[in-house]
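The structure appears below as structure tokens.
Just so it is clear, none of the values below were taken in a lab; they were calculated from the coordinates. These numbers come from a predicted model, not from an experiment. Ideal geometry is used to build each Cβ from the backbone, glycine not excepted, and the neighbour counts take in all protein chains shown.
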Amino acid sequence: MINIFTKEFNGFLHSLIAYLVIGVFLVAMGLLTWVFPETSVLDYGFADLDTLFSMGPYVFIFLIPAITMKSFAEEKKMGTLELLFTKPLTDWDIVLGKFFAAFALVLFALLPTLIYYFSIYSLGNPIGNIDTASVVGSYLGLCLLASVFCSIGLLASTFSSNQIVAFILAAFFCFLFYTGFDSLSTFSGNYVLVIKQLGILYHYESLSKGLIDSRDVVYALSVTAFFLLATKTSIGSRVW
């Protein structure tokens, strides 16, 4: 698994798309957080990072599929996936190696946004007037959300040898699992809460309040594990 992780992560760092995606993410979040008047923290005068954590997931819906779209699609198109199967690697080694490489790249893209926290911490009146617990919970929520989206992106990448198709499928399923259950709950009558709890948005918002509930963490890890298992099953079938 370590060899696959190293190969994939180095491949990301040596490709233009990785820097392009990271650059777009940081520019988009920087504009939304500091520049655009409708969302700028400087305009509404509250020392928080609500803009980053409310808009971040929607940026992730496009960012992460762009990272994962080539994970298996390119291997299948180039015919190199069969070579991986001839090496002393299990299917789990391949899946987990690619997953952790994509996840690490997302965390690498997220890391510079910590500057936003320290900036608002310093700009607060008085200094430090920011809900740190909420920020920590929100960052944990973003990390867990990233793990779910990475696992969905990997699964989508096994469905086609075309990277664009893989990207579209991944973006669609990420959006569906993030907001779909919340939207569906409005039509569910007495089962509103139950339907909401099946979706990612409910648990992400719960973590963003600063109360780190083990149920929210277990939910995200379970959904990630489910999609990784589905990815392993998909490549294990050897039918493409």
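General remarks:
- Sequence-distant contacts, meaning Cα pairs under 8 Å at least 6 residues apart, place the relative contact order of the chain at 25 percent.
- Charge tally in the Cβ shell below 14 Å around Thr80, where Lys, Arg are +1 and Asp, Glu are -1, Thr80 excluded: +2
- 10 Å Cβ shell holding at most 16 others, DSSP loop, trypsin sites (Lys or Arg not before Pro): longest site-free stretch of the chain: 1-208
- With the helix formula -39500 (n - 2.57) applied to DSSP H stretches of n ≥ 4, the chain reaches a computed 222 nm mean residue ellipticity of -22500 deg cm²/dmol.
- Per-residue ³J(HN,Hα) for the range 218-223, Karplus 6.51 cos²θ - 1.76 cosθ + 1.60, θ = phi - 60°, Hz, x for Gly and Pro: 5, 4, 5, 5, 5, 5
- When both the range 1-77 and the range 130-148 are represented by their alpha-carbon centers, they are found 15 Å apart.
- More than 19 Å apart - percent of Cα-Cα pairs taken over the range 166-240: 48
- Global geometry of the range 104-144, whether rounded, prolate or oblate, following the gyration tensor of its Cα atoms and the 1.5 cut on a/c: oblate
- About the Cα centre, charge dipole magnitude for the range 165-240 (Lys/Arg +1, Asp/Glu -1 at Cβ), debye: 240
- Global geometry of the range 45-161, whether rounded, prolate or oblate, following the gyration tensor of its Cα atoms and the 1.5 cut on a/c: prolate
- The simple Förster model, with R0 at 41 Å and r as the Cβ-Cβ distance, assigns Asn10 and Phe118 a FRET efficiency of 0.85.
- Using the Cβ-Cβ distance between Tyr19 and Thr80 with R0 = 30 Å, the FRET efficiency computed as 1/(1 + (r/R0)^6) comes to roughly 0.85.
- Dimensionless Rg ratio for the range 112-209, taking C-alpha atoms and the 2.2 N^0.38 Å reference: 1.39
- Gain in span if fully extended, Leu89 to Leu211, counting 0.36 nm per residue against the direct Cα distance: 39.9 nm
- For the range 77-146, a Kirkwood hydrodynamic radius built from all Cα pairs, placed in the Stokes-Einstein relation at 10 °C and 1.306 mPa s, yields a translational diffusion coefficient of 104 µm²/s.
- Near Arg215: Cβ cut-off under 15 Å, other residues only, Lys/Arg at +1 and Asp/Glu at -1. The net charge is -1.
- For the chain, the C-alpha radius of gyration sits at 1.07 times the compact-globule guess of 2.2 N^0.38 Å, with N the residue count.
- All other residues whose Cβ lies under 15 angstrom from that of Tyr117 are scored, Lys and Arg at +1 and Asp and Glu at -1, for a net of -3.
- Backbone HN-Hα couplings from phi across the range 180-185 [Karplus 6.51/-1.76/1.60, Hz, Gly and Pro as x]: x, 5, 5, 5, 5, 5
- Each 5 Å bin from zero holds the following percent of Cα-Cα pairs in the range 26-98: 3, 14, 17, 14, 9, 8, 8, 9, 8, 6, 3, 1.
- Length gained when the stretch Leu184-Ile2 is fully extended (0.36 nm per residue, less Cα-Cα span): 61.5 nm
- With the convex hull drawn over the C-alpha atoms of the range 1-64, the volume per residue is 100 Å³.
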